[in-house]
Amino acid sequence: MKIRNLDLTLLRTFVAAAERENFAQAAEKVARTQAAVSQQMQRLEAVVGCELFSRVGRNKRLTDQGVRLLEYARRMIILNDEAYRAMTQEVFEYPVKVGACVDAVDTLLPEYLSMCAEAYPGLRIDIQVGRSRWLASALRRGDIDLMLDVASHEDFHHVVLRTSPVVWIAGARFHVKQNMPLPLVLVDSGCPFRAMAVEALAQEERPWRAAFQTSTLTGVRAALRAGLGITPRTIEILTPGLKVIDQELALPSLPPISYRLYSRVNDCSDSARKFSALISRG
């Protein structure tokens with residue numbers, strides 16, 4: 001039996017067409033014309049000796065043989081890309097040490113780590129989590145290379161990664177009691193969200209009390225789900241079981257807050273510069 005090589009370029013187009021069930025949309029994905037995609041699929045069908053698509057209205061559906069090839073095509077593309085990255089990836093002498101506030105760890109950091117793993121699989125990243133004051137001291141001493149924080153630190157160079165609305169959040173079990181101070185779920189002193197809430201309520205002369213205090217975002221979520229109170233936070237922490245209650249309780253509007261990436265001026269390793277540039281493009 002004569003063995004013929006399957007062209008990975010054709011397989012990439014085939015996967016795009018199979019996932020979108022439409023040659024025009026596949027053409028956008030692979031940056032080709034629709035006519036070019038059709039020609040590629042004809043070439044692939046000639047190589048494998050069977051029809052891979054059938055027409056259903058304006059769409060293209062996989063035949064049984066097409067479904068069979070799709071699994072192999074995906075595996076071949078993944079293996080090809082892994083091999084390429086393994087042979088061409090940069091070798092980093094040092095890891096990048098990132099300090100992050102709890103809000104960033106829980107919301108933004110997973111996305112950034114995924115981006116880095118894709119772009120620089122050989123780069124090791126060490127994560128340290130702490131409060132703003134400790135993070136700033138660690139960056140100043142050189143114990144960390146970069147700092148991801150929502151607090152402002154004017155003595156470091158920074159780039160804004162994202163600016164997010166801040167809203168009042170409660171759990172599904174929460175019920176406000178009339179003529180009673182607002183029960184707040186707060187992080188210990190030093191948290192910018194705490195200061196923001198206290199200032200906004202003071203301006204409207206709205207009475208409040210600290211119903212629950214914690215040092216972690218996990219603790220905040222647990223208290224909210226238990227219905228112990230409300231808290232100001234960015235919309236990124238919203239999960240099933242939590243809701244925005246600004247309008248329901250006629251609460252004061254809160255200013256947005258920015259997630260910033262801080263670094264020491266002209267004092268970054270190559271690893272830190274690559275990581276910083278990557279997530280700044282975000």
(request) Enter the angle in degrees (range 0 to 90, nearest 10) between the Cα long axis of helix 8-20 and the first principal axis of the Cα atoms of the chain, meaning the one along which they spread out most. (result) 60
(message) If you roll a 1.4 angstrom probe over the protein chains with everything in place, what fraction of the accessible area of the stretch 169-227 belongs to carbon and sulfur, to the nearest %?
(response) 50
(message) Suppose we flag trypsin sites (Lys or Arg not before Pro) only when DSSP calls them loop and at most 10 other Cβ atoms lie within 10 Å. Which is the longest uninterrupted stretch of the chain?
(response) 59-176
(message) Over the Cα atoms, compute the radius of gyration (one decimal) and Dmax (the largest Cα-Cα distance, rounded to a whole number) for the stretch 69-137, in Å.
(response) 16.6, 56
(request) Show the residues, 5+ positions off or on another chain, whose built amide H is closer than 5 Å to the amide H of V129. (result) A100
(request) Could you do me a favour and compute the accessible area per residue for the chain, 1.4 Å probe, result in Å²? (result) 57
(message) Using a 1.4 Å probe on the protein heavy atoms, what percent of the accessible area of the stretch 13-58 belongs to carbon and sulfur?
(response) 42
(request) With a/c under 1.5 counting as rounded, go ahead and sort the chain into rounded, prolate or oblate using the C-alpha gyration tensor (a ≥ b ≥ c being the square roots of the eigenvalues; past the cut-off, prolate if a/b is larger than b/c, else oblate). (result) oblate
(message) I want to check the label-to-label distance for A222 and A117. Put each point 7 Å from Cα in the C-beta direction and report it in nm to one decimal.
(response) 2.7
(request) Any chance you could give the angle, 0 to 90 degrees and rounded to 10, that helix 109-119 forms with the longest Cα principal axis of the chain? (result) 30
(message) Using a Gaussian network model on the chain with a 10 Å cutoff between Cα atoms, which of L261, L228, L148 fluctuates the most?
(response) L228
(request) Quote the FRET efficiency, to the nearest 0.05, computed for R74 versus Q42 with a Förster distance R0 of 22 Å and r equal to the Cβ-Cβ distance. (result) 0.55
(message) Can you show me the helix-derived [θ] at 222 nm for the chain, built from DSSP H runs with n ≥ 4 at -39,500 (n - 2.57) apiece and divided by the number of residues, rounded to the nearest 500.
(response) -13500 deg cm²/dmol
(message) Considering only C-alpha atoms, what is the centroid distance from the stretch 152-200 to the stretch 244-282, in Å?
(response) 15
(message) If I fit a long axis through the Cα atoms of helix 64-88 and take the longest principal axis of the Cα atoms of the chain, what angle between them do I get, 0 to 90°, rounded to 10?
(response) 70
(message) At a threshold of 8 angstrom on Cα-Cα distance, excluding pairs fewer than six apart, so keeping six or more, what relative contact order does the chain reach in percent?
(response) 20
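The values are calculated or read from the model by the stated rules, or taken from the named source; none is laboratory data. The model shown is predicted, which means the values in this text are computed figures rather than measured ones. Cβ: placed from backbone, ideal geometry, glycine included. Neighbour counts: every protein chain shown. Only protein heavy atoms, including side chains, enter the accessible area calculation; ligands, DNA and RNA are left aside. Shrake-Rupley method; radii C 1.70, N 1.55, O 1.52, S 1.80 Å.
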